[in-house]
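Some notes on the structure that comes next.
Nothing in this text is a laboratory measurement; each read-out follows from the coordinates by a stated rule. Since the model is a prediction, treat every value here as computed from it, not as a measurement. Note: ideal-geometry Cβ built from the backbone for every residue, glycine included; neighbour counts use all protein chains shown.
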């Protein structure tokens, strides 16, 4: 019973770490890309401010693909994969624990 609690704890901890990693990635994405856009649009220089130029958003666009992929992976693993394979995983864990509990015939 204690083993099941520790396995449940480890699974929950892994989920939290995955979510934390995604939210950190999102925060860095927002901060860094805001700064890049403001600098590219000449907000901090004496030149004319131009938010209409598409080149200001290139890093935001491509980094956004990576962020979306990260988010899909995290939420896929947390929701879909867990529900589909949960019973199989628990069955295998129980099987291996039972095999380890059996005395060896050496």
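Structural remarks
- Normalised by 2.2 N^0.38 Å, with N the number of residues, the alpha-carbon radius of gyration of the chain equals 1.81.
- One decimal place: the segment residue 2-residue 89 gains 29.6 nm when fully extended, by the rule 0.36 nm per residue minus the C-alpha distance.
- Most mobile of 65, 31, 44 in a GNM of the chain (Cα contacts under 10 Å): 44
- Taking 76, 53, 23 as the candidate residues, the one with maximal mean-square fluctuation in a Gaussian network model of the chain, Cα springs under 10 Å, is 53.
- Choice from 55, 21, 71 with maximal GNM fluctuation in the chain (Cα, 10 Å cutoff): 55
- Residue-averaged 222 nm ellipticity for the chain, from DSSP H runs of 4+ at -39500 (n - 2.57), nearest 500: -26000 deg cm²/dmol
- Computed over the chain: relative contact order in percent, which uses C-alpha pairs under 8 Å that are six or more apart: 25
- Residue 13/residue 42 FRET efficiency (R0 41 Å; Cβ-Cβ; nearest 0.05): 0.35
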